Amino acid sequence: MRNLSRQFQHLLGATLLLLAPVLQAQPKVIAYVPNWIELAAFAETIDYAKITHINIAFENPLSASGELSFNRENEALIAKAMAHQVKVLVSIGGGSASEDKTMRKRYFDLLSEGKLAVFVAKLTDYVVSHDFDGLDVDLEGPAINQDYGAFIGALAVALKPKGKLLTAALSQGYGGKDVPDAVFEHFDFINIMAYDATGPWQPKAPGQHSSLEFAQSNVDYWLKRGLPKNKAVLGVPFYGYGFGKAFRNDEYSYAVILAEHPGAEKLDQIGHTIWFNGIPTMQAKAKLVLDQHLGGVMIWSLNSDVKGEHSLLSAIYQALNKSAP
């Protein structure tokens, strides 16, 4: 009997080894969707089968009391996504809010020791009452202060018992050093903003703002600090920046780039001169996620994509699911 038991254990172990690639969690595809667009109409166009999570961006405190804004069009997207078993999170903060002195001061006040508990309770009630699956914290750069760690810890205590997700968008070069390592255990995953290495704020530094090498170095930074691989979600841009004759103080969406430059889907640089990520680079980044067993891919932002054979979302999905059509 002992020999049979050992043989069974060996057989079970060998079977589990063979099944390990199958049992490995499917990579997530998190799509940020801005709610300043025509959200109800856009919700009808999303290919929900190719994403796992949607982060609605952004809602923020309306006043010093900590009550959050809510775009009623969010409801259309929430209902549509949930009907397709796609989780929906609300994202607070954002780059613009983090740069805004008034909003930043408001957050610092709400996160202070005397007001933190009340603000966390309001955020939790907000997530529950609007039927979100979780909260995404997108405080960036100067909006990350000494109270960030306590804020995340308190959110985890409040949200996790209710079955809600807690995630963040973080950048290595824009506030990353101010994020304490202790918060990693509280997050379900972190969206690594591996883009914006350069841009309109550096008009004399033209070049690729989100190369494959930049993606790898950003991932390495967070992993070396102790972020588990399965919580590391690689962020990719569905937009580019122009320099030289193509310079402007705003991004070029992938859809605009393709409309103005047929064939751009195969490239990362076009015109005079726009740098972005075409299909080959997107697929290489998806392969990086698979090869390194990372948590998945994050997209900013889904509304900048195109439909059909040149879709970046489709390219990512196909690379993550090699047998997918």
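Distances longer than 19 Å among the Cα atoms of the range 153-211: what percent of all pairs is that? Intermediate results must be reported in sequence, preceding the final value.
Values: 768 of 1711 pairs.
Tail of P(r) above 19 Å: 45 percent of Cα pairs.
Taking the Cα centroid of the range 77-111 and of the range 133-164, what is the distance between the two, rounded to the nearest whole Å?
11
Does the range 191-325 come out rounded, prolate or oblate, given a ≥ b ≥ c as the square roots of the eigenvalues of its C-alpha gyration tensor, rounded meaning a/c under 1.5 and, failing that, prolate meaning a/b above b/c?
On the way: a/c = 2.37, a/b = 1.29, b/c = 1.84.
Since a/c reaches 1.5 but b/c is at least a/b, the shape of the range 191-325 is classed as oblate.
Please list, in order, the residues from the range 128-145 whose amide nitrogen is less than 17 Å from a point placed 7 Å along the Cα→Cβ vector of Tyr48.
From the range 128-145, the list is 131-134.
What pairs from Lys231/Lys287; Lys105/Lys164; Lys245/Lys307; Lys162/Lys322; Lys122/Lys231; Lys266/Lys322 go past 24 Å between their alpha carbons? Don't skip to the answer; put the middle values down first.
Numbers: Lys231/Lys287 17 Å; Lys105/Lys164 27 Å; Lys245/Lys307 28 Å; Lys162/Lys322 35 Å; Lys122/Lys231 26 Å; Lys266/Lys322 19 Å.
Distance filter (> 24 Å) returns Lys105/Lys164; Lys245/Lys307; Lys162/Lys322; Lys122/Lys231.
Restrict the search to the range 154-216; then list the trypsin sites (Lys or Arg not before Pro) that DSSP places in a loop and that have at most 12 other Cβ atoms within 10 Å of their Cβ. All intermediate terms of the calculation are to be shown ahead of the outcome.
Working: sites: Lys162, Lys164, Lys177, Lys204; in loops: Lys164, Lys204.
Sites meeting the loop and neighbour criteria: Lys204.
Measuring from label point to label point, each 7 Å out along Cα→Cβ, what is the Glu113 to Phe70 span in nm?
Label at Glu113, label at Phe70, 3.3 nm between them.
So how long is each side of the chain along the principal axes, counting just the alpha-carbon atoms, biggest first, in Å?
If we take the Cα atoms of the chain, the spans are 75, 55, 38 Å.
Would you mind finding the longest exposed-site-free stretch of the chain, with exposed chymotrypsin sites (Phe, Trp or Tyr not before Pro) meaning DSSP loop and at most 11 other Cβ atoms within 10 Å? If you can, show how the numbers build up before the last one.
Values: sites that count: Trp36, Trp201.
It works out to 37-200.
Tell me, which longest segment in the chain has none of the GluC sites (Glu not before Pro) that fall in DSSP loops with at most 12 further Cβ atoms within 10 Å? Show your work: numbers first, answer last.
On the way: sites that count: Glu38, Glu44, Glu67, Glu113.
Longest stretch, sites excluded: 114-325.
Would you compute, from DSSP H runs of 4+ residues alone, the mean residue ellipticity of the chain at 222 nm, taking -39500 (n - 2.57) per run and dividing by the full residue count, rounded to the nearest 500? Walk me through the numbers on the way to the answer.
Details: 11 runs with 120 residues, N = 325.
Rounded to the nearest 500, it is -11000 deg cm²/dmol.
Once the other residues with Cβ under 10 Å from the Cβ of Ala57 are scored (Lys, Arg +1; Asp, Glu -1), what is the net sum? Could you put the intermediate results ahead of the total?
Details: positive: none; negative: Glu59, Asp136, Asp138.
Here the count lands on -3.
Note down the net charge around Asn303, summing +1 for each Lys or Arg and -1 for each Asp or Glu among other residues with Cβ under 15 Å from its Cβ. Please report the intermediate quantities before stating the final value.
Details: positive: Lys50, Lys80, Lys307; negative: Glu38, Glu44, Asp47, Glu73, Asp250, Glu251, Asp305.
So the surrounding residues net to -4.
Just grab the label-to-label distance for Asp291 and Ala83, each label 7 Å out from Cα along the Cβ direction, in nm (one decimal).
It works out to 4.1 nm between the two label points.
At a 10 Å Cβ-Cβ cut-off, how would you order Arg248, Arg106, fewest neighbours first? Spell out each step's value before the answer.
Values: Arg248 11, Arg106 19.
Least to most surrounded, the residues fall as Arg248, Arg106.
Quote the FRET efficiency, to the nearest 0.05, computed for Arg248 versus Lys177 with a Förster distance R0 of 35 Å and r equal to the Cβ-Cβ distance. Provide the component values of the computation, followed by the final result.
On the way: r = 30 Å, r/R0 = 0.87.
Step by step, r from the Cβ atoms, then E = 0.70.
A short reminder: the numbers here are calculations on the coordinates, not readings from a lab. Fair warning: this is a prediction, and the values are worked out from it, not measured in the lab. Ideal geometry is used to build each Cβ from the backbone, glycine not excepted, and the neighbour counts take in all protein chains shown.
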